[in-house]
Structures are given as structure tokens and as C-alpha cells.
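Encoded as C-alpha cells, the structure appears first; notes follow it.
The values are calculated or read from the model by the stated rules, or taken from the named source; none is laboratory data. Everything numeric in this text was worked out from a predicted model, so none of it was measured. Glycine also receives a Cβ, built like all others from the backbone with ideal geometry; neighbour counts cover every protein chain displayed. What goes into the accessible areas is simple: the full protein's heavy atoms, side chains included, and nothing from ligands, DNA or RNA. Shrake-Rupley method; radii C 1.70, N 1.55, O 1.52, S 1.80 Å.
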Amino acid sequence: MASINSIIKTFKSELRHIYPNNEIQAFIEILLAYYTGLSKTDLIIKTDETVDSAVCQQIESSIVRLKNMEPVQYIIGETEFYDLKIKVNPAVLIPRPETEELVHWLINNHKKDKKTRVLDIGTGSGCIPLALKNNLPDAEIFALDVSKKALEIAKKNAKINKLDISFVQLDILNAKNNNNLGMFDIIVSNPPYVRGQEKTLMHKNVLDNEPHLALFVKNNEALVFYEAIIGFAKHHMHKKGCLYFEINEAYGKQMIELFEKNNYKNIELKQDINGKDRMIRAMKY
Ligand SMILES: C[S@@+](CC[C@H](N)C(=O)[O-])C[C@H]1O[C@@H](n2cnc3c(N)ncnc32)[C@H](O)[C@@H]1O
């Protein structure tokens, strides 16, 4: 048994050389909420309460894993995305707030559309299609990924959240146009977009833990997924259909040019909350 107060002290002293204070505070809140059900306020007003030894062991093992730079979301096996609980494991990228911004943009633009058919390419945990279905209940939503393990998690997330999504395993870089996916009104994707050369700028906990299949493209193939998806949309998206992409902040201009070259109209580049070019939308003509 240990008091909440002593657990908080242990967290701070064990992790202070590795993480900044605000991150340690976030770990405490996330892990104690997960293992004990205590809220942020409880951690201030119930500091003398004790937790049993099983919970103490789970907390100790979490601290060891945090010291090894494992993301807290993989430790507890879940995260939140656009008000949904999403299971995650190292086969899938941990959904990012920027992707919530992309989803928010799409939902706002299409909430009045009737019977929309939507495809998410590179679905990972399934966060995008799940958030879309939760907010656009009349839409028919499909999601694809090349990774069987990612699709297993995405399917589990659909089941847990009781949302109806059709999942497909497909390599979008080698997709034949004769597949039977049919025609879509909206295609959305947050594809791998980090160039190999950017590895040196990345945090160790991302680099060592998150799937490289989800993150990286070759230095000289920065736009390979966007080109492939625009090629796919030629045969699988209706005229006046919309493509939504999350993008590498360094490629806003090139993405506009790519859409223009393919005769897309109403091209809109949007910054994320940090002021970086992060998402783009365009209409097929
Ligand atoms: C950046 S992650 C995005 C995951 C999720 N949509 C999100 O926003 O958190 C890219 C996803 O693309 C998938 N992927 C990588 N190569 C692919 C390919 N050739 N065809 C289809 N999906 C692919 C990865 O498995 C990964 O799940």
C-alpha cells in the first residue's frame, strides 16, 4: 500500500532528469486515472488516500517503462481522439491533435451532406473513420491500411465504440483500379510523410516506439503517397468529390502545385494550431 502523495513524489523524483515537469504531471494524471479511477481534482484533495499493492506494482512498472522512453499511451494501451476512447499498440501510430484538427475541418464542411461515401487511406488505429462516423452518422465509411496488425486494432476500436466501418487491407502504392471499392464522395488520408532526413529532429520515444511504416517516406519520395492517392481518386472519387490530406509542414506549396497539376479546384491549405501548414483540401473536376 502507498499513499497518493508518496506515489506522486516517487514519479517526480524518478523521472525529473528525463522529462519536464509538465509532462511528468500529465503522466501522473493519465496513469492514476487509468489504474485507480482518480480524477485530476482527486489528486489534489485525496492525497492521503492509499492504493493497494497491485496498483503500486502497476505504477512502478509504468515508471520503468517511462524511463525507457515508452509513450504513456502504449503503456496503458489507449488514448482519446475527438471524444472517443481508442485502443493503441505499437502496430499503430498514436493519434495526434493535428489529425483531430483535420477531422474537425472535414466534419464542419460536410455535416449537412446527405449519404456521403467516405474512404480513409492509411487508417492505423481507425481514429479518423471512427470520429467521422460518430459525427456523420449517415455517411458510409470505409477505411484501408496495408498493415494487418493495424487493421486488427482498428476493427477492435470500431467494435468497442459501436461504430459501423468497413475495413479493407490494401497497399495504396500498388492498388489496382479494378478493385471493388467503388466510388467515393470524400477521400481523407494522413499518410506517412516524415522524410528519413528528419529522423534527427525527432524525439527518441517516437523513433524507438512508433511504427516506421506509419511515419516515414524516402527523402526523394516525399509526396509518393499523395501522388498515389490522387491517382486512385481518378478512378474512385466522383467529380466534385473532395480530397483531404494531412501534410508535412515543409510541403504546402508543392501540395498546391500537385493538386493544380491534376486539375483540382477550390484548393485550400490550412495551418494547424501551431501555425504550420498541416492540412489541405481540394475538389476534383
Ligand atoms: C501516419 S499513419 C496514420 C494513422 C492514422 N490514420 C492516424 O491519423 O493516426 C499512416 C498509416 O498508413 C499506413 N500505410 C503505410 N503504407 C501504406 C500503404 N502502402 N498502403 C496503405 N496504407 C499504408 C500505415 O500502416 C499507417 O497506419
Item checked: Carbon plus sulfur fraction of accessible area for the stretch 78-202, probe 1.4 Å, in percent -> 48
Check: Given a 1.4 Å probe, how much area per residue of the stretch 2-68 is accessible, in Å²?
Finding: 59
Next item on the list: Among the lysines, select those whose C-alpha is under 19 Å from the C-alpha of LYS114, and discard any that sit fewer than 8 residues away in the same chain.
Entry: LYS133, LYS239, LYS240, LYS284
Check: Roughly what angle does helix 21-36 make with the longest principal axis of the chain, taking Cα atoms, 0 to 90 degrees, to the nearest 10?
Finding: 80
Item checked: Residue-span extension gain [GLN254 to LYS234] - 0.36 nm each, minus C-alpha spacing -> 5.3 nm
Margin query: Please compute the alpha carbon radius of gyration of the stretch 1-90, then divide it by the globular-protein estimate 2.2 N^0.38 Å. Two decimals is fine.
Written below: 1.05
Item checked: Estimated vicinal HN-Hα couplings, Hz - the stretch 121-131 in sequence order (Karplus 6.51, -1.76, 1.60; Gly, Pro = x) -> 9, x, 7, x, 5, x, 4, 5, x, 5, 5
Note to self: I'd like to know how the stretch 1-156 sits against the 2.2 N^0.38 Å rule of thumb: what's its Cα Rg over that expected value?
What the structure shows: 1.25
Margin query: Can you tell me which of ASN161, ASN263, ASN180 moves the most in a GNM of the chain? Springs connect C-alpha atoms under 10 Å apart.
Written below: ASN180
Checklist line | Heavy atoms of THR10: accessible area, 1.4 Å probe, square angstrom to 10 | finding: 60
Next item on the list: Could you work out the Kirkwood radius for the stretch 189-285, taking every pair of different alpha carbons, averaging 1/r and inverting it, reported in Å?
Entry: 14.2
Item checked: Accessible surface, the stretch 111-254, averaged per residue in Å² (probe 1.4 Å) -> 50
Notebook entry, point to check: the stretch 149-215: which trypsin sites (Lys or Arg not before Pro) are DSSP loop and have at most 12 other beta-carbon atoms within 10 angstrom?
Noted result: LYS162, LYS176
Check: What is the helix-to-structure angle for 97-110, meaning the angle in degrees between its Cα long axis and the longest Cα principal axis of the chain, kept from 0 to 90 and rounded to the nearest 10?
Finding: 40
Item checked: Net charge contributed by nearby residues that have their C-beta within less than 9 Å of MET69 (K/R +1, D/E -1) -> +1
Note to self: Only four residue types carry charge here, +1 at the Cβ of Lys and Arg and -1 at the Cβ of Asp and Glu. Report the dipole size of the chain about the Cα centre in Debye, rounded to the nearest 20.
What the structure shows: 840
Margin query: If I ignore ligands, DNA and RNA and count only protein heavy atoms, how much of LEU43 is accessible to a 1.4 Å probe, in Å² to the nearest 10?
Written below: 10
Item checked: Kirkwood-type radius of the chain, with distances r between different C-alpha atoms, in Å -> 20.4
Next item on the list: Identify all lysines with a Cα-Cα distance to LYS276 below 18 Å; exclude those on the same chain that are fewer than 8 residues away in sequence.
Entry: LYS253
